[in-house]
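Please read the structure below before turning to the comments.
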Amino acid sequence: MISEKLLNPKSIAVIGASKDVTKPGGKLLKNLLDSNFKGQIYVVNPKEEEIQGIKCCKQVEDLPQVDCALMAIAAKFCLHTVDVLANQKGCGGYVIISAGFGEESHEGGEIERQIVEIIRKTGGSLIGPNCTGFLNVNYTGAFDAPIPQLDPMGVDFVTGSGATAVFIKEIGMTNGLHFNSVWAVGNSAQIGIEDVLEYWDETYVPGKSSYVKMIYMEKIGNPEKLLKHASSLIRKGCKIAAIKSGCSSAGSRAASSHTGALATSDVAVDALFRKAGIVRCSNRQELVTVCCIFMHPEMKGKNMAVITHAGGPAVMLTDTLSNNGLDVPAIKGEKAQALLGKLFAGSSVGNPIDFLATGTAQQLSDIIDACENDFDNIDAMCVIFGSPGLFRNWEVYDVLDKKMKTCKKPIFPILPSIINVKEEIEDFIQNKHRINFSEECVFGNALCKVMNTPKPQPEVLDMPEIDVKAIREVVENAKDGYLSLDEINKLLDAAGIDRKKNAEVKTREDALKVAGEFGFPLVMKVCGPVHKSDVGGVVLNVMDMETVGREFDRLIKIKDTYAVELCPMYHGTEVFIGASKEAKFGHQVLCGLGGIFIEVLKDVKASLAPISTDEAHSMIRGLRSYKIIQGVRGQEPVNEDKFAEAVSRVSALVKAAPEIAEMDLNPLLGSAERVVAVDARIRIQK
């Protein structure tokens with residue numbers, strides 16, 4: 001648990017305080033003095049008698065007992081300072097903004113490690129080092145600017161980058177977003193982003209705690225911890241938006257399976273966020289916009305009324321919403337005509353509802369009332385209202401504010417005229433305490449991300465039963481590398497995954513014997529080469545013994561082939577399930593159309609093991625090719641229940657056998673009755 005002395009100290013010492021507010025130590029003290037802190041403040045600087053009106057201590061040993069220390073001194077002095085504070089002064093909260101630690105050198109990293117050990121032994125909590133600081137409604141322990149308006153029900157924000165935090169705060173403040181706390185964790189020497197999430201989760205009180213959480217992260221140190229506490233928070237009623245940067249293709253790795261090539265770190269992050277229910281954002285503007293949407297009442301359905309006095313922005317917003325899963329339904333009938341009668345000639349109520357550039361505050365009021373009370377196919381409203389510079393918008397924004405207080409349906413204000421009606425927008429934000437969206441398509445894309453992000457996984461998953469003992473026996477006796485056909489079959493059987501009837505042969509005589517037992521038609525394929533079809537290693541519709549013998553003689557000579565596999569000829573739609581182990585994340589499990597389609601279309605959905613059948617259904621239905629799985633133009637559908645069960649069973653298999661590095665079931669042949677694995681590769685890496 002994070003120390004109360006960090007969160008709500010009774011006394012704070014600024015170590016390295018300065019008179020110069022352009023230096024970190026000076027700005028740190030100024031921000032603290034300007035904040036809501038009601039306790040005792042001490043300063044330490046060996047060269048000064050008084051700093052910013054506070055009598056100065058020459059050294060840390062001169063301090064009285066103190067709860068929290070804000071440190072802006074060279075890294076080489078921090079270890080001794082922390083030692084004195086922890087062991088002599090009763091200090092429990094530390095914010096070290098100084099750089100020069102593990103981010104710079106091995107020596108700095110060793111100092112950092114020793115500092116953490118001292119703080120840990122004495123029950124303290126550390127933010128940093130190498131950070132901009134920490135602030136909450138109790139005090140400001142940060143040297144950066146601007147300092148946002150603080151509100152207990154504002155956003156809680158944790159970031160791995162202090163500079164990024166500055167830019168995000170600036171965007172948020174101009175939109176009217178308030179903050180409850182900002183944690184710039186820097187090097188995360190003791191407290192990282194996952195630890196902050198854990199604290200938020202363990203202390204969350206519905207109705208009393210801030211329910212919007214914002215995250216910027218460049219690394220995920222503990223995915224399992226992040227998943228646990230993020231999903232727990234969201235199940236309790238929180239909403240979380242996050243950026244995870246640093247997931248470009250430059251970080252991808254070579255892999256020998258389809259799954260390994262597709263299951264990149266970025267896919268793992270995306271799967272983790274979706275499993276947790278986190279809205280993943282791609283940039284600062286989107287992150288802030290999503291959190292601004294969170295601050296409004298929740299949109300319960302997908303039908304939006306777009307209310308505007310300017311046609312172009314309304315059309316662009318309508319396109320954005322419609323192209324991303326939300327609806328802008330037509331408004332018709334007697335009540336629509338009654339509304340139209342209250343507007344100027346030339347107006348339109350079909351949706352978008354355009355009441356022209358000359359539209360009045362009263363007309364806006366009438367439109368909102370109609371959407372609230374008369375139109376059952378409307379779940380929320382966007383109001384786009386700026387100014388061409390001919391008139392002011394005071395009355396319009398007053399009406400908008402009043403309707404936002406009384407309407408049950410959410411109203412999202414999009415006020416684009418940030419220069420023409422700057423004063424009205426400032427009043428709307430600062431005095432009416434409203435949040436503004438200044439660009440309609442940024443808002444539209446953000447809203448669609450919110451609406452399309454799934455709910456978090458249940459705390460307890462309903463998983464299929466598998467034979468863990470049999471799985472462990474195969475894996476423990478296997479060597480690193482690709483498993484034999486016999487070993488693969490044993491694993492699939494133990495996991496309850498439907499598979500083909502097959503045999504692996506190494507002589508012409510055995511091939512003919514197996515063919516006699518299986519009957520025709522048969523499939524013959526090489527064992528060994530990764531991409532069998534590329535080397536001519538797959539023969540379909542083998543119908544007689546002569547062909548069996550001839551093709552065996554050809555196949556066994558193909559490079560890297562150690563045997564030939566024979567199996568009955570199955571029919572159905574080719575689908576795919578794969579798994580790949582990603583460092584820290586565990587196993588990603590992917591599904592989609594199989595065969596060559598996985599390479600060409602790359603239409604796959606991924607999640608992290610374990611995966612329930614409900615989540616597997618969600619993955620399958622999220623495929624662009626889902627219509628093919630359902631069956632189109634008379635084509636036989638794939639049994640979706642069997643497909644989802646197979647996905648769940650693969651996830652259970654890799655949880656039982658974490659030594660599986662990569663696994664491909666490609667293809668499985670899906671029909672209305674069954675989904676059967678006809679080709680499989682499993683690589684073990686212990």
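Key figures for this structure:
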read-out	value
Looking only at region 212-238, and only at residues there that are more than 20 Å from V460 (Cβ to Cβ) and without any contact (Cβ under 8 Å) to a residue 60 or more places away in the chain, the one that is most open to solvent (accessible area, probe 1.4 Å)	K219
Filter result for E61 (over 18 Å from A189 (Cα atoms) and acidic (D, E))	yes
Candidates P454, P458, P529 - the one that is more than 33 Å from the chain's Cα centre (by Cα), in contact (Cβ under 8 Å) with a residue 12 or more places away in the chain and part of a loop (DSSP other than H, G, I, E, B)	P529
Extreme residue, nearest to F77 (Cα to Cα), among residues of region 98-113 that are outside any helix (DSSP H, G or I) and open to solvent by 30 Å² or more (accessible area, probe 1.4 Å)	A99
Spans of strands (runs of 3 or more DSSP E) in region 594-686 with at least 2 residues open to solvent by 30 Å² or more (accessible area, probe 1.4 Å) and in contact with a Leu (Cβ under 9 Å, 6 or more places away or on another chain)	604-608, 680-684
From K449, K422, residue being within 20 Å of A380 (Cβ to Cβ) and either without any contact (Cβ under 8 Å) to a residue 24 or more places away in the chain or out of contact with any Leu (no Cβ under 9 Å at 6 or more places or on another chain) (or both)	K449
When residues of region 114-165 are limited to those that are hydroxyl-bearing (S, T, Y) and assigned to a strand (DSSP E or B), the one surrounded by the most Cβ atoms within 10 Å (Cβ to Cβ)	T159
Top-ranked residue in region 397-420 [being more than 34 Å from the chain's Cα centre (by Cα) and at pLDDT 95 or above; ranked as farthest from F355 (Cα to Cα)]	K402
Residue in region 380-392 that is at pLDDT below 95 and of a type in the set (D, E, K, R) present	yes
Region 359-373, residues that are out of contact with any strand residue (DSSP E or B) (no Cβ under 9 Å at 6 or more places or on another chain) and charged (D, E, K, R)	D366, D369
Residue among V158, V82 that alone is under 24 Å from A13 (Cβ atoms) and of a type in the set (A, V, I, L, M)	V82
Helices (runs of 4 or more DSSP H) contained in region 1-97 and holding at least 2 residues touching a helix residue (DSSP H, G or I) at 6+ places or on another chain (Cβ under 7 Å) and surrounded by 18 or more Cβ atoms within 10 Å (Cβ to Cβ)	75-88
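The values are calculated or read from the model by the stated rules, or taken from the named source; none is laboratory data. Quantities reported herein were computed from a predicted structural model and do not represent experimental measurements. Here the Cβ is made from the backbone with ideal geometry for all residues, glycine too, and neighbour counts use every protein chain on show. When the accessible area is computed, the model is the full protein with side chains, heavy atoms only, and any ligands, DNA or RNA have been set aside. Shrake-Rupley method; radii C 1.70, N 1.55, O 1.52, S 1.80 Å.
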